[in-house]
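Heads up, the thing below is written out as structure tokens.
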Amino acid sequence: MDRNDRSIVGYVMVGHGLVHLYELSVPILMTIWLLEFSVTAAVLGTTVAVGYGLFGIGALPGGLLVDRYGSRALIALCLAGMGLSFVVLRFASGIAGIAAAVSLWGISASVYHPAGLTLISNGVKRRGRGFAYHGMAGNAGIAGGPLATAVLLLFFEWRVVVVILAVPALVAAVVGLLVEFDPTAALGSDAQADGGSGPTTIGGFATETRRLFTAAFLLVFVVVSLNGLYYRGMVTFLPELLGEFLDSTIGDVTPGIFAADSPFAETFDAGQYLYAGLLTIGIGGQYLGGRLTDRIEPDRGLVVALCCLTAIAVGFVPAVRLGTWGLLAASVVLGFVLFATQPLSQATIAKYSLPDSRGLSFGYTYLAIFGIGALGAAIIGTARTYGTVSVVFATMASFSALSALVAVRLVFRG
């Protein structure tokens, strides 16, 4: 990668890592808020869910803003907004304050994926490598957010912790406005300026949407929606499922310090540790998936990845029945392939969208991934409640299998 590529990739890596660090720090803070503010889990969960909902819903208007005002400015506003939201948390005196702060975080963070992925698509010549490093930073934030928050809480009161967490985003927002790079370097000499092309009226938005939704892009939209169902269903219930599988495979092999009669027993959840390891392994998957997009057509690679996800879902329960090593092997492969799929998906979106509407294209697709994909948690939750574990994984396999079939159609049409 040249200097311009490195500058852009460094900027988006910081942004992506911080988005997910803040996203996953909130559940850790919730354990303290439940006690301090004397609210029920239902009330607090609903309050936080509003912020997470805005994170997904805001992707579409965020994409419009990216096309209109440019990626650099929107990422800087995203970082500043996220930092300010955690400063606001410092002054929360009840559930209303938490709701305001988390909602501000959701609105601010919602613009990141359309902005960051548009910047990589239009500005990074080695696009696949850019998607790889970008995804790795996101996984680092996902895995590191809870850990960093938990460690800080060992030494500081939570109101101090949220201010400490706010500092990196506020600093990154300022640095991002000062660092030099060409946001359209990958588009060649005919590239338009970053921003200024987005619609300004409802009629313009409708026209731009019709222009974007070619038959090919519609197929892409369906592919990422189905893959979003798989992803959200998997990551929502996998920690619980892994804990259940570990109980059935390792039993009393759990370290003595965490045994049932130990005072530390309630703090140890083996499934959570295995899940964190799976997320960490995903960093390698992000790298491989991104590098593959530089070597093969991303839509073809996506077909292979989706077929692998289907095979993993079908084979996960049989692997668990082989014992501890079967469970660990299946978890490693799942973590690797699940996140290797993401750069291939992002590159496919870029391939079937126009450069001057990239923000809108990523806005629509991330609305699908986070919005439609959220139904995956409800569907898998229903399967978990009324069916067996095998039914749960079979349902997830159906999502990826359908997505793979549509992706095959996309390849032949493309």
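The values are calculated or read from the model by the stated rules, or taken from the named source; none is laboratory data. This structure is a prediction, so every number in the text was calculated from the model and none was measured. Glycine also receives a Cβ, built like all others from the backbone with ideal geometry; neighbour counts cover every protein chain displayed.
Contact map, region 378-405: residues that are over 15 Å from G228 (Cα atoms) and without any contact (Cβ under 8 Å) to a residue 40 or more places away in the chain paired with residues that are crowded, with 17+ Cβ neighbours inside 10 Å and not hydroxyl-bearing (S, T, Y), Cβ distance under 7 Å, separation 6+ or inter-chain. Pairs shown: A383/V392; V391/A383. For the subset of region 307-325 comprising residues that are free of Cβ contacts under 8 Å to residues at least 60 places away in the same chain and buried (at least 18 other Cβ atoms within 10 Å of the Cβ), which member is farthest from G387 (Cα to Cα)? Applying the filter and picking the extreme gives C308.
Would you be able to tell me the number of residues in region 5-48 that are within 19 Å of G83 (Cα to Cα) and either of a type in the set (G, A, S) or assigned by TED's automatic domain parsing to the domain that holds A276 (or both)? Here the count works out to 4. Just one of the listed residues (V171, V88, V162) is assigned to a helix (DSSP H, G or I) and surrounded by 24 or more Cβ atoms within 10 Å (Cβ to Cβ), and it is V162. Only one entry of R68, R72 meets the criterion of being of a type in the set (K, R), surrounded by 20 or more Cβ atoms within 10 Å (Cβ to Cβ) and touching a residue at least 12 places away in the same chain (Cβ under 8 Å), and that entry is R72. Within region 1-13, restricting attention to residues that are surrounded by fewer than 22 Cβ atoms within 10 Å (Cβ to Cβ) and aliphatic (A, V, I, L, M), the residue that is modelled with the lowest pLDDT is M1. For region 385-404, taking the residues that are aromatic (F, W, Y) and surrounded by 15 or more Cβ atoms within 10 Å (Cβ to Cβ), the one that is nearest to V304 (Cα to Cα) is identified as F399.
For the condition closer than 18 Å to V167 by Cα and part of a helix (DSSP H, G or I), W105 qualifies.
Given the condition in contact with an Asp or Glu (Cβ under 9 Å, 6 or more places away or on another chain) and not assigned by TED's automatic domain parsing to the domain that holds S71, answer yes or no: does some residue in region 365-382 qualify? No, region 365-382 contains no residue that is in contact with an Asp or Glu (Cβ under 9 Å, 6 or more places away or on another chain) and not assigned by TED's automatic domain parsing to the domain that holds S71.
Just one of the listed residues (G145, G116, G97, G128) is crowded, with 24+ Cβ neighbours inside 10 Å, assigned to a helix (DSSP H, G or I), in the same structural domain as L64 (by TED's automatic domain parsing) and not hydrophobic (A, V, I, L, M, F, W, C), namely G116.
Quick one: is V304 free of Cβ contacts under 8 Å to residues at least 12 places away in the same chain and either surrounded by fewer than 19 Cβ atoms within 10 Å (Cβ to Cβ) or not in a helix (DSSP H, G or I) (or both)? The answer is yes for V304.
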